[in-house]
1. Which of the residues spanning the range A:48-95 are in a helix (DSSP H, G or I), within 12 Å of another protein chain (Cβ to nearest Cβ) and among the hydrophobic types (A, V, I, L, M, F, W, C)?
2. Taking the residues in the range B:103-151 that are among the aromatic types (Phe, Trp, Tyr) and assigned to a helix (DSSP H, G or I) as candidates, determine which candidate is surrounded by the most Cβ atoms within 10 Å (Cβ to Cβ).
3. Among the listed residues B:Arg86, B:Arg44, B:Arg91, identify the single one that is farther than 30 Å from A:Gln183 by Cα and without any contact (Cβ under 8 Å) to a residue 24 or more places away in the chain.
4. Scan (1) touching a strand residue (DSSP E or B) at 6+ places or on another chain (Cβ under 6 Å); (2) more than 29 Å from A:Tyr64 (Cα to Cα) for the single condition B:Ile161 breaks and write down its number.
5. Within the range B:23-41, identify whether any single residue is part of a loop (DSSP other than H, G, I, E, B), at pLDDT 95 or above, at the interface with chain A (Cβ under 7 Å from one of its Cβ atoms) and in contact with a helix residue (DSSP H, G or I) (Cβ under 7 Å, 6 or more places away or on another chain), and answer yes or no.
6. State which residue pairs qualify: first residue more than 7 Å from every other protein chain (Cβ to nearest Cβ) and under 11 Å from B:Trp199 (Cα atoms) and inside the range A:145-160, second residue among the hydroxyl-bearing types (Ser, Thr, Tyr) and surrounded by 19 or more Cβ atoms within 10 Å (Cβ to Cβ) in any location, beta carbons under 7 Å apart, and separation of 6 or more residues or different chains.
7. Which condition breaks for A:Ala194 when tested against (1) crowded, with 23+ Cβ neighbours inside 10 Å; (2) free of Cβ contacts under 8 Å to residues at least 60 places away in the same chain; (3) more than 10 Å from every other protein chain (Cβ to nearest Cβ)?
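The values are calculated or read from the model by the stated rules, or taken from the named source; none is laboratory data. From a predicted model like this one, the values you see are computed outputs, not experimental measurements. Quick reminder, even Gly has a Cβ in these numbers, built from the backbone with ideal geometry, and neighbours come from all protein chains shown.
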There are 2 protein chains.
Amino acid sequence: MTEQDIAPLAKRAETSTPLHEVIAARWSPRALDPDTEVTERQLRALLEAARWAPSRGNTQPARYLVGRRGEPTFDRILGTLERGNRNWAHRAGALLLAVAVTRNDKGEIPLYEYGVGLASQNLVLQAVAEGLVAHQMAGFDADAARREFGLPEHAQPLAAIAVGAQAEPESLDDDRLVQRERQPRSRHALGEIAFTNTWGEPAF
Amino acid sequence: MTEQDIAPLAKRAETSTPLHEVIAARWSPRALDPDTEVTERQLRALLEAARWAPSRGNTQPARYLVGRRGEPTFDRILGTLERGNRNWAHRAGALLLAVAVTRNDKGEIPLYEYGVGLASQNLVLQAVAEGLVAHQMAGFDADAARREFGLPEHAQPLAAIAVGAQAEPESLDDDRLVQRERQPRSRHALGEIAFTNTWGEPAF
């Protein structure tokens, strides 16, 4: 039995063939345990995972602002979140801001947003491997984040990420959030995203 | 000893704390074994992994065109690659094209490129879990791909992906490629990508 099997609420991906454990187990809970810390070593592992992601021509556009609970950076990232996210993300063990560097000395970095996506997925999967969960959010004030952390003009905040230990859904103090937490996950059918021969023709 | 330990050339990420095996073992080889096929089940697992990636508001912008060696789609994707990539990617067991859907009925999908990045990283890590390797390429003719596969206007090809079984570097018939294959991997230092307090201040 793995960490994930005894998680408060496992919502394993339903697939036609088995997936690797960390990929199948990953989802984006909101119910986090404020009494479990994310250790410095765990956080470092998440960032190392992001660091070793691939990128176009190894341009490495991904940067992260990082704060553990109790550190000023945590509260400052929390302050940039939309209220709906602050309501649950304040219980995270760490908050991060994923930022793209959009230019280097050769000009605009092609596919910088794609590159940060590759890095962030490594990061959230390493969280699962550490027995933690990670929830990415687009609901934050990018301009406030720019001012708050002195981002240069060529840096573009893309996502906030809450990392923590998963808690019981009922620990969320909002019934709608509890309901949302327990909702089954949904995705397009495989044949709607994987094509062969021509656009729209299912590959499987 | 895992599949990866006995790979022709392992270039494990060098990190200050251990990473999950599939994340540490993933790199982007060019030397692929043309005699080992990527099975239909393996390919399906890769696409299932992409399917279950997170996306902003579950907008799921990622689509893939998929062809196994011997299928017409394989040759048609190969035909869109730049010559430098065709020279080695023709030995892949499967070729894919990662495409973003940029709009839905609510308008432009925010962060669609980031979303496809998240999905593609799941896909390449599932490849490692299957004992395969995956190499993403930006060097392909996006307009040719649009025409070739009848992509709608709101679909944007972002990356080609070669998937296959790893082979000995020396199987590459170009000395520069052999040398490149054996080159150590390099990344920015952790303190150059993970910040705290303010932009540029190392978090670790």
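1. Of everything in the range A:48-95, those that are in a helix (DSSP H, G or I), within 12 Å of another protein chain (Cβ to nearest Cβ) and among the hydrophobic types (A, V, I, L, M, F, W, C) turn out to be A:Ala49, A:Ala50, A:Phe74, A:Ile77.
2. Here the residue is B:Tyr114.
3. Criteria check complete, one pass: B:Arg86.
4. Only one criterion is unmet by B:Ile161, namely (2).
5. Within the range B:23-41 (the criterion being part of a loop (DSSP other than H, G, I, E, B), at pLDDT 95 or above, at the interface with chain A (Cβ under 7 Å from one of its Cβ atoms) and in contact with a helix residue (DSSP H, G or I) (Cβ under 7 Å, 6 or more places away or on another chain)), the answer is no, since none of the residues qualifies.
6. A:Ala145/A:Thr80; A:Glu148/A:Thr80
7. Checking A:Ala194 against (1) crowded, with 23+ Cβ neighbours inside 10 Å; (2) free of Cβ contacts under 8 Å to residues at least 60 places away in the same chain; (3) more than 10 Å from every other protein chain (Cβ to nearest Cβ), the one that fails is (3).
Okay, residues lined up against (1) of a type in the set (Phe, Trp, Tyr); (2) modelled with pLDDT of 95 or more; (3) over 23 Å from A:Ala167 (Cβ atoms):
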| residue | (1), (2), (3) |
| --- | --- |
| A:Pro61 | no, yes, yes |
| A:Leu65 | no, yes, yes |
| A:Arg69 | no, yes, no |
| A:Arg76 | no, yes, yes |
| A:Trp88 | yes, yes, no |
| A:Gly93 | no, yes, no |
